[in-house]
Amino acid sequence: YILQNNNTMKKAFLTFTLLVLSLYMPAQDDYDNKIEELYDNREYETIIEEYAFKDTDYSAGSLFFIATAYHMLGDDNNCIKYCDLSLEKNSSNSGAYHIKATSLNYLEKYEEAVPFFQRAIVLESEKEHIAKSYRGMGYSYYTLKLYDQALDAYNKAIEMDKTVAIPYVMIAQIYAATDKKDKVLDAYYRGKENASKEAKEYITILFNIG
């Protein structure tokens, strides 16, 4: 009788647990869908007002959207906080590493930013996103006056996406800063040939060619 009673209690507990989970999962999915919809509509302030600092067990994806909303609003400290929370749940999210590194750059913590850009590059599969991380890392190195590393990062960014104008401008600046002035014009001509003419930096390229 005691054994039967114990089995009954276990079944009751299991049923209760499954009921709680069935109630919880749709709620979390509901949060995910709402936050993603707001993000897609660029309603960053609404995301922060309605979902940040709530005592809710958000998914890694929702935490990343909150982090990105803070990033878009220029609140880099909270962006980093929510990137860390997202990465605790999903350490393979390349976007979270990239956004965190970018915020560290904005906070002028360039040395701290580098390993997060590196991690983003390792995890990312799309060339366009890899290029963004190389550009961010290039800027970190450039500001730290590690010009060889910066040059390498910007050249790798071009390998991934040659249409973005910024790397060509930065490579020219690196050559100017390292007294390789004979290579400055070559960098700008390389940009003129490959970069998108729609980019605002393209005007800088043409101006420096003369």
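Here are some notes:
- Each residue of segment 78-88 was assigned a 3J(HN,Hα) from its phi angle through the Karplus curve 6.51 cos²θ - 1.76 cosθ + 1.60 (θ = phi - 60°); the sequence is 6, 4, 4, 4, 6, 4, 4, 5, 5, 5, 4 Hz, with glycine and proline shown as x.
- Couplings for segment 110-117, taken from phi via the Karplus curve 6.51 cos²θ - 1.76 cosθ + 1.60 with θ = phi - 60°, read 5, 5, 5, 5, 3, x, 6, 4 Hz in order; Gly and Pro are left as x.
- Rolling a 1.4 Å probe over the protein heavy atoms gives segment 33-154 an accessible area of 52 Å² per residue.
- Of the whole protein surface, Y31 contributes about 80 Å² of accessible area at a 1.4 Å probe radius.
- Rounded percent of accessible protein surface that carbon and sulfur make up, the chain, 1.4 Å probe: 53 percent
- Each Lys and Arg Cβ is given +1 and each Asp and Glu Cβ -1; about its Cα centre, the chain then shows a dipole of about 580 debye.
- Going through (i) 7, 20, 19, 12, 8, 6, 5, 5, 5, 4, 3, 3, 2, 1, 0; (ii) 9, 26, 26, 18, 10, 6, 3, 2, 1, 0; (iii) 8, 30, 38, 18, 5, 0, the figure that equals P(r) over Cα pairs in 10 Å bins from 0, in percent as computed for the structure here is (ii).
- Estimated at 0.36 nm per residue, the fully extended path between K197 and D40 surpasses their Cα-Cα distance by 53.8 nm.
- Helix 60-72 vs. the chain, principal-axis angle (Cα, 0 to 90°, nearest 10): 40 degrees
- If R0 is taken as 22 Å, the Cβ-Cβ distance between L185 and Y106 corresponds to a FRET efficiency of 0.10.
- Straight-line cross-link reach from K183 at under 26 Å between alpha-carbon atoms covers these lysines, not counting any fewer than eight positions away in the same chain: K132, K145, K156, K162, K192, K197, K200.
- Most positive-pole-ward Cα, Q173, F117, I130, against dipole of the chain from beta carbon charges: Q173
- Integer Hz, Karplus 6.51/-1.76/1.60 couplings in order for segment 124-132, x for Gly and Pro: 7, 10, 8, 4, 4, 6, 4, 4, 4
- Each stretch of four or more DSSP H residues adds -39500 (n - 2.57); spread over every residue of the chain, this sum gives -26500 deg cm²/dmol at 222 nm.
- Cα→Cβ-extended label distance, 7 Å offset, between S125 and N77, nm: 3.8 nm
The values are calculated or read from the model by the stated rules, or taken from the named source; none is laboratory data. Quick caveat: nothing in here was measured; it's all calculated off a predicted structure. Ideal geometry is used to build each Cβ from the backbone, glycine not excepted, and the neighbour counts take in all protein chains shown. Each accessible area value is taken on the protein alone, full model and side chains, heavy atoms only, with ligands, DNA and RNA left out. Shrake-Rupley method; radii C 1.70, N 1.55, O 1.52, S 1.80 Å.
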